[in-house]
Amino acid sequence: FNEMASMLEVDRDHKHMVQRISESIRQSLDLNEILNTTVKELGQNLNASRCCLALIDSHQTSDQDDDELSFDYMWCNPDDQTAPLTKKKILIGVDTTMRKIINQGSIIWLDLLSQGALFDGHEESEWRLIKSMIACPITTGNGTIGLILIHQCDHLRSWSQSELELVNAVASQVALAIEHGQLYNRARTMAEQEQLINQIVRAVRTSLDVDTILDTVTKELSLALSADRVQIAQPRAEGPL
């Protein structure tokens with residue numbers, strides 16, 4: 001009965017945590033705040049050494065050779081004095097073990113002592129201090145965009161089914177938050193573009209001077225795009241542009 005009561009209490013705490021994350025997604029448009037809060041709450045709930053949320057940086061190319069995992073969101077347990085990862089980006093490439101973890105598409109937990117050098121190219125780094133780890137993909141409609149990684153550095157650990165289910169549920173909420181953030185950014189960009197066009201249209205309507213109109217266009221485009229230089233080139237029959 002005591003074991004059943006403890007399990008029910010843990011399940012209740014897990015559900016409350018997922019509900020809090022879901023609520024923060026609905027109330028906040030600050031994606032960085034949501035993700036930082038998520039890794040902190042998840043790491044504390046699991047009493048892990050470190051909780052990381054790493055997104056795939058493709059450098060906006062289709063070539064996977066230079067793909068990296070970017071560790072921008074990280075929580076470390078102050079009680080066991082686990083240090084943050086000093087290297088915030090690691091290469092995942094095409095044929096690395098990390099790429100295989102991403103491609104397998106479902107949550108796994110690993111005993112790193114029995115796996116040997118799990119992270120190619122990181123054998124001598126702080127990754128060697130990790131003894132047990134959960135790796136859970138963050139998947140949206142566009143495929144796997146990152147991983148939630150739970151590290152246990154002070155001892156080997158067997159993760160319970162309820163703990164794995166919790167990480168899975170949180171990964172789903174994170175995917176939802178990222179999709180919401182992308183939709184919000186897209187809508188904001190469209191609104192800013194519409195505002196820019198309206199400002200240019202007003203300039204055209206209020207002035208008959210071509211130089212004034214073109215000066216306004218270049219100025220507004222420069223501000224909107226944060227560009228170093230904006231030019232309008234006009235072909236002339238009698239000379240160069």
Inset, instruction - Would you be able to tell me the number of residues in the stretch 152-173 that are within 22 Å of the chain's Cα centre (by Cα), among the small types (Gly, Ala, Ser) and open to solvent by 10 Å² or more (accessible area, probe 1.4 Å)? - result: 2
Legend entry - Complete set of residues in the stretch 30-63 that are more than 17 Å from the chain's Cα centre (by Cα) and of a type outside the set (Val, Ile, Thr): 44, 45, 46, 47, 48, 49, 62, 63
Inset, instruction - Taking residue 6 as the residue in question, decide whether it is under 22 Å from residue 179 (Cβ atoms), modelled with pLDDT under 85 and more than 15 Å from the chain's Cα centre (by Cα). - result: no
Legend entry - Lone qualifier among 179, 163 - being touching a strand residue (DSSP E or B) at 6+ places or on another chain (Cβ under 7 Å) and charged (D, E, K, R): 179
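So that you can scan it fast, the table gives a plain yes or no per residue for (1) small (Gly, Ala, Ser); (2) touching a His at 6+ places or on another chain (Cβ under 6 Å); (3) surrounded by 14 or more Cβ atoms within 10 Å (Cβ to Cβ); (4) under 30 Å from residue 142 (Cβ atoms):
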site	(1), (2), (3), (4)
176	no, no, yes, yes
180	no, no, yes, yes
201	no, no, no, no
205	no, no, no, no
210	no, no, no, no
220	no, no, yes, no
226	yes, no, no, yes
Legend entry - Which numbered condition residue 149 misses (of (1) at pLDDT below 90; (2) surrounded by 12 or more Cβ atoms within 10 Å (Cβ to Cβ); (3) closer than 22 Å to residue 41 by Cα; (4) not β-branched (Val, Ile, Thr)): (1)
Legend entry - Filter result for residue 206 (more than 30 Å from residue 109 (Cβ to Cβ) and modelled with pLDDT under 85): yes
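The values are calculated or read from the model by the stated rules, or taken from the named source; none is laboratory data. Just so you know, these numbers come straight off a predicted model, no measurement behind them. Every residue, glycine among them, receives a Cβ derived from its backbone with ideal geometry; neighbour counts consider all protein chains shown. Surface accessibility is based on the protein's heavy atoms, side chains included, excluding ligands, DNA and RNA. Shrake-Rupley method; radii C 1.70, N 1.55, O 1.52, S 1.80 Å.
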